[in-house]
Amino acid sequence: MRGPFKSSFVADANGGVALIFGLIVPCLIGFAGIGVDATYWLMERNKLQSSTDNAAISAAHAVHLAGTNQAVTSEAQKMLRSVYGRDMPGITLTVQFPPQSGPHAGDITAVAILAEREQPVYFGKLFHLSDVKVTARSVARVNSTADACLLALSQTSEKAINVSGSSTVRLNCGIASNSTASDAAYFSGASDTKTTGITSAGDIYQSNGALIDTGDGSMLANAPAVIDPYGPEGRNVKVPTNPKNCKEKQLKINDDTVLSPGRYCGGISINGGTTTFSPGVYIIDGGTFNTNGNAALLGQGVTFVLTGKGNDIADVDLNGGAGVSLQAPTSGSDLAGLLFFQDPAAKDQVKPKESLINGNADLDLQGALYFPGTGVKMSGGMSGNMSCLQIVAATVEITGNSAVTGLCDETSGTEKIQRTTVELVE
């Protein structure tokens, strides 16, 4: 029987193949099915991870802007719902502010987003596999760097920061724009800018011929807006009450003169000689604070408040002339650190005027130039010994050679301008 059985079995090739096929094919189908399930799990896990990354970044922005658990959680939920729908079916979301584990546990500038989702199996059910959970964890952190010295406050202006022409700008500090425009920070022509970093709430435009060197710093678009250091969220500086009487009206100076603090109505025009400003607050009520020709200006511990009524808010047209050396007070009042402070109401004028600063090698300004409602345009050479200069304005345009060699320290009376970035850290 052994011989016939063997020979018949071998001879029955179709039956042997069918048997082998019947044993192997279900296994292959099963493995292929599990592979399909696993691939789907991986895709869903990557989708969940990407969603928690975006949620963490959005929540970190809420940390910077609001700093409340409610705001942080709301931002995280908003991002997940934009992907999975309002009810987020099958998703369990946990928001930790601050994170409760990991290298950033307890960090009040960080937020952790944890999410898990029930993921059904399909082919795996043939092998009695249960549904699985895909999980994701993301941690984002707010980084604040207090090193900016140029800040454009406008939220909508094109070219809110505008460095153009053949200007050479050397800043030992950062640049920030709060505009959300596509060219919120604009660098064009043959301009050459060296700075410690650039952040913009909108996009950063750089033409082919424009050079930008941020050293070890970053150049970051779509960043959080920078808080106005002297506005309502900062020091909240107010325009001083005007003295009843005008010390001078439409004052014109051609020779050496010494001025004292007070209210100057209709502007000041300095055309020659050396004008020395005694320490204190000078309220320019309407008109223009103007210097021309070979006029020289000297003053330590001085603040120029530019104010007025209706469409006549004072502005500045400052030319370097024979030499300008003005330093803001470093203490004593809310105006500490402020060299020029323009009334925020200037933005409501029918035709707001930008202030002009045309310098040369003898222009030395120390302190903050604060023009929250209008623009500041700088051209010509800016003195290299400006160890402390801030420009905070609706827009800032630079068309000449400018150099600032240092930052305002804690003794200058100025406020810090914090450029803020948000980054994923886990």
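The values are calculated or read from the model by the stated rules, or taken from the named source; none is laboratory data. What you see is a predicted model; the values in this text were computed from it and never measured. A quick note on method: Cβ atoms are made from the backbone with ideal geometry, for glycine too, and the neighbour counts reach across all protein chains shown.
May I ask you to verify whether Leu251 is assigned by TED's automatic domain parsing to the domain that holds Ser379, in a strand (DSSP E or B) and not polar (S, T, N, Q)? So Leu251 fits the description; yes.
Which of the residues that make up region 293-351 are farther than 24 Å from Asn401 by Cβ and of a type in the set (Phe, Trp, Tyr)? Within region 293-351, Phe304, Phe341 meet the criteria. Looking across Leu339, Leu363, Leu326, one residue alone is at pLDDT below 90 and either in contact with a Leu (Cβ under 9 Å, 6 or more places away or on another chain) or at negative phi (or both). It is Leu363. For region 274-290, the set of residues classified as aromatic (Phe, Trp, Tyr) and under 17 Å from Gly337 (Cβ atoms) consists of Phe277, Tyr282, listed by residue number.
Here Asp203 does not fit the description of being modelled with pLDDT under 95, over 14 Å from Val163 (Cα atoms) and either of a type outside the set (A, V, I, L, M, F, W, C) or assigned by TED's automatic domain parsing to the domain that holds Val392 (or both). Among the residues of region 408-422, those that are charged (D, E, K, R) and over 20 Å from Leu153 (Cβ atoms) comprise Asp409, Glu410. Scanning region 166-186 for residues that are within 16 Å of Leu151 (Cβ to Cβ) and at pLDDT 90 or above turns up Gly174, Ile175, Ala176, Ser177, Asn178, Ser179, Thr180, Ala181, Ala184, Ala185, Tyr186. Of the candidates Gly286, Gly234, the single residue that is of a type outside the set (A, V, I, L, M), without any contact (Cβ under 8 Å) to a residue 40 or more places away in the chain, in contact with an Asp or Glu (Cβ under 6 Å, 6 or more places away or on another chain) and within 27 Å of Thr395 (Cβ to Cβ) is Gly286. Taking region 261-325 and the strands (runs of 3 or more DSSP E) fully enclosed by it, the elements with 2 or more residues that are closer than 24 Å to Met386 by Cα, of a type outside the set (S, T, N, Q) and out of contact with any helix residue (DSSP H, G or I) (no Cβ under 8 Å at 6 or more places or on another chain) are at 280-285, 296-300, 302-309, 315-319.
Here is the figure for region 131-152: residues that are small (Gly, Ala, Ser), buried (at least 19 other Cβ atoms within 10 Å of the Cβ) and within 29 Å of Ala76 (Cβ to Cβ) total 4.
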